[in-house]
Structures are given as structure tokens and as C-alpha cells.
1. Scan the strands (runs of 3 or more DSSP E) fully inside segment 52-156 and keep the ones with 2 or more residues being in contact with an Asp or Glu (Cβ under 9 Å, 6 or more places away or on another chain) and either of a type outside the set (S, T, N, Q) or assigned by TED's automatic domain parsing to the domain that holds Ile195 (or both).
2. Consider Pro26 against the criteria (1) surrounded by 13 or more Cβ atoms within 10 Å (Cβ to Cβ); (2) not in a strand (DSSP E or B): it satisfies all of them except one. Which criterion is unmet?
3. Sort through Ala52, Ala42 and tell me the only one that's more than 22 Å from Asn181 (Cα to Cα) and free of Cβ contacts under 8 Å to residues at least 60 places away in the same chain.
4. Looking at (1) of a type outside the set (Gly, Ala, Ser); (2) over 18 Å from Ile124 (Cα atoms); (3) surrounded by 20 or more Cβ atoms within 10 Å (Cβ to Cβ), find the lone condition where Asn87 falls short.
5. Let me spell it out: the conditions are (1) under 19 Å from Arg246 (Cβ atoms); (2) modelled with pLDDT of 85 or more; (3) surrounded by 12 or more Cβ atoms within 10 Å (Cβ to Cβ), and Ala105 meets all of them except one. Which number is the exception?
6. May I ask you to say which residue of Gln43, Gln55 is in contact with a helix residue (DSSP H, G or I) (Cβ under 9 Å, 6 or more places away or on another chain) and surrounded by fewer than 16 Cβ atoms within 10 Å (Cβ to Cβ)?
7. For segment 62-76, check the following and say yes or no: at least one residue is over 20 Å from Met144 (Cβ atoms) and exposed (fewer than 12 other Cβ atoms within 10 Å of the Cβ).
8. Within segment 177-194, take every residue that is touching a strand residue (DSSP E or B) at 6+ places or on another chain (Cβ under 7 Å) and surrounded by fewer than 19 Cβ atoms within 10 Å (Cβ to Cβ) and give me the one that is nearest to Gly63 (Cα to Cα).
Amino acid sequence: MSTLYIRLPSRAVADNAQQLATQACPFALVSNAGTIEREGAAQLSSLTETIAKAQRVVLLLAGSDATLLRVQIPPLSAATLKAALPNLVEEHLLCNPAECVIVSAGFSDGFRTIAIAYRDWIDILTKTFIAFGARHITALPSQMCLPGQAGTATVALSEQDSCIDISLRLSEPNGVGLAINAESKQTAAHEVIQILSALVPAGTITLYVPQGSLQNYQESLAANHELKQRFNISADNWTRWIEGAREARLDLAAGIGKKTGSAFNWHHWRWPLVLGGAVLMINVVALNIEWWHMKSEGDSLRSAMVQIYRSAYPSESVIIDPLAQMQQKLAMAKRDSGLAAADDFTAITAVFGEAWSGVLATLASPPSISGLEYRDRSLMVRFKPGIDAPTRQMKTALAERGLLLDLTPGQSDVIWQIRSAK
């Protein structure tokens, strides 16, 4: 799963989707293993293919576009906290809280860190990147992606023309963002250093600047020995931003109350799904064709049977089951002609007597039968309780003569049920 990180310009530089698309933004494409596959700076409109292929897009908002507050809040449920946040931060804002996206981080020592940004700006960002093909969007304040250490302030600069955006992390829960306009790059370094000295009057300041401006800031500090001792200046790089973004929890994109894209990449599964649907459709059509053939064959067979039955018994007007009715007619004809049916009492009794005589000849102590009963076209043979009936031998002997033997369950006596196998 690849993640695309993009550092956005401040709203003061691009305040609409058209201007945003033409801005050159630093970016880094990171693989699932955590290695940077590609980095640089490019216009957002030229990154649409990369945005669409990335599983996740992380937007690093300019420090001046997100306000961070440290507010004391009692423990509340997630739903209650979401409803209460606008009222809790209203006194700290110059605008209507309804115009803002407000999200909070975890609860610690009775305080929560709260991030606030203009709703229309976050909405522009999410809609723009969804239009570019982003499936999952996260928007983080830049200052909260910087290392937060007690006694050390961490600062990162972003330069867009004459506008310099400053992201300042004062401590682990606190951060500040502001934007300034500089007349030139030479004077910008001096102005930024003076502003940071005023914002952080004591302690060490770690300053990350673009590679092209590193020399200007080093020269600006060279003449001031006191400030030089407080500042540690180095070129900015993506490794720090990626590590900080993974730990940041203030996602402003999640606070706009709507989905920011699909987390599943349906594009890669398009052809497998089409192929699977085609195979399913072919199987459904084949099953319907086979059912139609079998139904036609069944209808033809039934028509033939009805025709045969009508030719044999033209006087019959009601034909429901021609096979069963034909079997019934044949059985009645056999009885009328003096022939016994296979399931008649006399036929079953005769075959049973023959088989019984053969089995008794093989037994040392022949068992005695306590009763015979004929019902439901079956002969019921009853033995006294405790009698060891030769069930296995009789079953074999009767099977050779076309009869079936079953034991009737649930009785204290041993009872055989003998019926025709036809």
C-alpha cells in the first residue's frame, strides 16, 4: 500500500481549486515498506496519475491554515465531545464555529489538543483531490508533524513566491502556524529569525529550511553570535515529515462529516470483476438452457405415456399419473385372470414359507413364530420376546426371491415386515 505525502501551500497563496491545481507542491511517494520511492516538487494537476494510484493521500496543511488550541475538557463520550467542541472553542475564535472544522486529539492530564481550520478550505481540498482520483484522504496540520521535544522548538518553513509559511512546534501538544510576506529572500531570512526569536524567547530552536535557502539563513545568523547559539539550522527533508505524519492524530479531513474517497481500489479489480460476471452469466444461461431441454424431454415423455395409456384404455377420461394408473390396471387384470400380484397375501406368504423352510434347515434350534398379520401390502411376522430370530439369514433368502425384510422399530417383540421389492 503506497502513501502519497503532499505539503500544501497556504490559503493566502491559493484560495480556490483552480489556483491550487497550478501550485508547485513538494511531495513524496512512500511504499508500504516505508521507503521513499519518489520525491520532488510538481504542480498538483501533473500528479493526478500518482494520486489515483496511491492507496492513501496525506495532505500536510500549511501551518497558518490550522489553529491549535490546548483546552481543558472533562472526560466525555465521542458523540458528546463532537457536539460540545464548537461551544468549547467559541471564545477563542474570531469567526463562527459553524464555519470551521474542529477535531480533537486524545485526552491527557485533563486537556485536549484541538485543531481548527476553515470548513470551506478543507472542503475545497477534499473535493479537488477526490476529483484527481484520491481514494483515502488525510489532512494534518504541518506543525503537529514536526518533532515535539520539551525545551526545544522545532520550525519548518515553506516558501511560495514572496509568502513564507512558518510551522512551529513548541512542545508535544502545542504548535503555532503563521504566514509572512517578505520583500526578498535575503531579507526573508532575517525577518523569520527575528520573529522566531520573539515567539521563542528562551531555549533552542531547530529550524528546517528549503535546500535553496539554507545559505541565506546561515549567513543571517553568522553576524549574531547570541542567536547563532540558539539556532540549529539544517535543510528540510521528507524523512522527518513522514515520521511525524504517522504519529499525528488530528485529521481535519475526517471532520467535514462526509467520505473523502473509497478505501478500496476498484480500478485494479475492474477486469477480474467483468470476467467473473461474464462467467456467471454464461453459467446461468447454460443452466436455463439445460433446464429447458430437460423440461421439454419430460413433457414429451409424459405425452407419450398418456398417449399409450389412452390407446390401451380409451374409456378413461381422467389421467393424473399415467404410470401409476397403468400399474394399477395391470395388477387388476392379473387378479381378474387368476394371477396373484407380487404383493398379494398369498404370493408373499408362499415365498416366505419357502424361504423359512430353507433357513430352518440350517438352524440347530428353530424359533417359533407367535403370529402373522397382513396389512398395507406387507406381511408382518411376530416372534415372542427373547427369541433370537434369524433376521440376517432370512433377509438374504427373501432378497433372492424378490422380497424385502425390515425390522419394525419401537416394539418389545421382534417383528419382521416383509414386502415386495418391485
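The values are calculated or read from the model by the stated rules, or taken from the named source; none is laboratory data. In this text the structure is predicted, and so the values were computed from the model without any measurement. Virtual Cβ from ideal backbone geometry, glycine too; neighbours counted across all protein chains shown.
1. Numbers: elements: 56-61, 67-72, 100-108, 111-118, 137-141.
Passing ranges, in order: 100-108, 111-118, 137-141.
2. With (1) surrounded by 13 or more Cβ atoms within 10 Å (Cβ to Cβ); (2) not in a strand (DSSP E or B) applied to Pro26, the lone miss is (2).
3. Numbers: Ala52 fails: free of Cβ contacts under 8 Å to residues at least 60 places away in the same chain.
Residue meeting the stated conditions: Ala42.
4. Looking at each condition in turn, Asn87 falls short on (3).
5. The failed condition is (2).
6. Working: Gln55 fails: in contact with a helix residue (DSSP H, G or I) (Cβ under 9 Å, 6 or more places away or on another chain).
Testing whether each residue is in contact with a helix residue (DSSP H, G or I) (Cβ under 9 Å, 6 or more places away or on another chain) and surrounded by fewer than 16 Cβ atoms within 10 Å (Cβ to Cβ) leaves just Gln43.
7. Within segment 62-76, the first condition is being over 20 Å from Met144 (Cβ atoms), and the residues that meet it are 74-76.
Remaining after also requiring exposed (fewer than 12 other Cβ atoms within 10 Å of the Cβ): 74-75.
Yes, some residue in segment 62-76 is over 20 Å from Met144 (Cβ atoms) and exposed (fewer than 12 other Cβ atoms within 10 Å of the Cβ).
8. Leu178
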